Every structure is written in structure tokens, then in C-alpha cells.
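Encoded as C-alpha cells, the structure appears first; notes follow it.
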Amino acid sequence: MNKNVFIKSNDQSQTCLSFGMTRKGRMKSNTIKSIMVSALSILMLGVFGGAFVSCTSDNEEARTPIASVQVNKTNLKVNETMEIVFTGVADQVVVFTGDNMHEYAKRAESNTGVPVSKGFMTYSYSVPGTFHVTVIASTYDTYLGDNQKIDLYEFDVTVVDDNTTIETIYSVNTLNTYIAQMVDEKDWVICLPNKQVNSASGKEVTFNPGKQRLTFSVGSDSTKVYINGAEYKTNAYYNLKQVNDIHVVANSGDTRDYRLIGLVFPELANPKAGENTLKQVRDAFNPDLLTYVYPADADVSDVELTFTLDDNVILLRNGQAVESGTSLNLTDEATYTLVRTSVDNPLAQAVSRILFKAE
């Protein structure tokens, strides 16, 4: 008994396969395997052959690229953002920004461009100079990316470094970091203690505000800083108990002058609550916090507080000035502060927080 099966090829012709059957109605195994391999081969040829023909026939030649961009500005300051919007025609856009390791003329020397994503990119320059920017627009055939075509758009960017802004000033030693605060357009104030406390041992450590190192943070590595007429050095010591004149010079030649006013956190000298001498205790982690301790059995609910203060220092209780010899209740929840005001700028102050506590 024979059975005919028809399989259509790509050219729509029909192929007839004859399956030999045994008397019992079963195919011979070798014949079945041969038929299956032949059929599979024909099917694969039809599928993949069609695919290859399709890729070749559907290929489109690369479009003509057009390198066209819009740039927000070509005169920039260091670290200022440049925005580039691609408005041309391309399958791929790369921008050589012209600074170190991004020069188009040196692409054979491992200089690279910056890929543009979704037609937009931003970039900033960290150093001043004039940079030649090259925008490369590329197109390709749709089949395997062959036949690359490119178009260039070039322009120059001028970057100036006129940064004279001081961002932070601070002094670091083994136990603490003291950060200066800017009080107006010109003056900074840095406050330091007379002594520090070692948090590990709990012991007071001598501290000399008149001999400390300084660290400056400015907006550009090209900016130079001068203190009291001499170029700033990271390993030099400065007197932070006085006013230090700071002169900043940018790469462009622009200048700006500042002052760093150094103040010491004020303290009560010879403090007494009635007949009881108060013991001063410093805080290891808060150099502006001073606690004055009186005997546990002392009655300080209405007691005469006496003390001595430096010039330009006042004691405040809830914001009101307190003179030595005033009777006070040291057990209430009043807020006490000592305020030292600079004679060079009344906005520059060193403020100590004061607590009164029983032993």
C-alpha cells in the first residue's frame, strides 16, 4: 500500500514522496528516517532561503547624513554646562569636545568622542582655553551596517577661568575640624577654643588658636590664594586669633579680596555662685559647649553669680544681658550664652553655650 504526501516549496511546485508500508501497515524505520530528513531539509531551505533573499532585497542604502546642531553658548566659564542639541540626520552622533583626550585630529592616538544619546548632550570643561569641537554624524546601510557615510560640523568654544569664589575654609587638627562661616560678601569668621578635650582619655589638651593650619576650597585648581601678602601654603601655620587678609587671583587675572576673622570661644573667668566656686567642664565633641558645676548641696535657686569677662564679651540669659553680681536661679531652664563680637565686623561672633549643673 502506498501513501502520497505533498509539500510546497518556495516556488509553489509540489514534491511527491512515496512512503513504503509493510504488510502490517507500518513504515520501515530506515525509510521513515530518510523521508523525515529530506522533508526537514526542504523546509529549512524554504525558510532560511527566503530569509536571505528578504535581507538582501530589503536593504536600504545609507541616508545622506547631515551634521547640524544647536549650542546654547560657545563662551563658557570653567565647569559651566554646554548643551548640544542635534538637529540633523544620522544613525549615530559622536562629539569630539576638543579638550584633553577628546581631539578629533588625534583620534588615531586613542582620543575618543562622546556619544550623543537621544539627540542631546551636556558637557563642561574643567580647564580654561579655546577648544575645537567636531560633531560627526554617521549613517549606514540597513543590511549589516555597511557603507558608512559621515558629515562633520565644527565650531570653537572659549572657556575662561575667572573664578575667585572661596567655597569653604576650615582648620583641621588631631581632635577636631573647625569650619569658617561667611558673614557677608567679604568676611569669614572661624571660631576656636582655648583648649580641647581628648574623647578617649577625657583629659584637656592645650590648643593654640594662634598657630593653626588652614584649608581652602575654591572653584578652580588654577586659582591662587594669598594670605597677608604671601602665597597660601597647605603646611604653613596661621594666627587664627586675628584678622587675616585673603587675596584671590583667578587664571583670567580677576581678583577678589576677603578677610578671615579669627575668634576664640568666650569663657567665664573666676565664676562663683555665692561663695561656691564653679568648676568649668568642656565637651569633647562640642567645643562651644561649657558646663559650670556647683556643689550638690549648694542652694542656687536665688544666688549671686559673679564672673569676669574679656572685652567685647557679654553673658546673655534668654537673650538679655546679665551683669556680674546679678542674683539668678541657676536651676531653672533658662538659656545662657556667652557672645564675643569682633571689633572688625559686628556680624562676626563666637558664641559659647553655657550650662549650670550640680555635681
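The table that follows gives values for the structure above.
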| quantity | calculated |
| --- | --- |
| Net length gained if the chain between Asp254 and Lys241 were fully extended (0.36 nm per residue, minus Cα distance) | 1.8 nm |
| Average accessible area per residue (Å²) across region 174-224 - probe 1.4 Å, nucleic acids and ligands excluded | 55 Å² |
| Region 304-359, Cα convex hull volume normalised per residue, Å³ | 90 Å³ |
| Per-residue SASA entry for Thr112, accessible area with 1.4 Å probe, Å² rounded to 10 | 70 Å² |
| In Hz, Karplus ³J(HN,Hα) per residue of region 256-264 (6.51, -1.76, 1.60; θ = phi - 60°; x = Gly, Pro) | 8, 10, 10, 10, 10, 9, x, 10, 9 |
| Sequence-distant residues sharing a close amide H with Gly262 (under 5 Å, placed H) | Ile190, Gln242, Val243, Asn244 |
| Solvent accessible area, Å² - Glu185, 1.4 Å probe, full protein context | 140 Å² |
| Debye, to nearest 20: dipole size of region 114-194, +1 on Lys, Arg Cβ, -1 on Asp, Glu Cβ | 260 debye |
| Label-reachable residues, region 271-303, where backbone N falls under 19 Å from a point 7 Å from Ala200's Cα toward its Cβ | 283-286 |
| Sites Thr234 and Phe120, calculated FRET efficiency, Cβ-Cβ separation with R0 51 Å, nearest 0.05 | 0.80 |
| Net charge of neighbours whose Cβ lies under 11 Å from the Cβ of Thr223, counting Lys and Arg as +1 and Asp and Glu as -1 | -3 |
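The values are calculated or read from the model by the stated rules, or taken from the named source; none is laboratory data. From a predicted model like this one, the values you see are computed outputs, not experimental measurements. Ideal geometry is used to build each Cβ from the backbone, glycine not excepted, and the neighbour counts take in all protein chains shown. We work out accessible area using only protein heavy atoms, side chains counted, and drop any ligands, DNA or RNA first. Shrake-Rupley method; radii C 1.70, N 1.55, O 1.52, S 1.80 Å.
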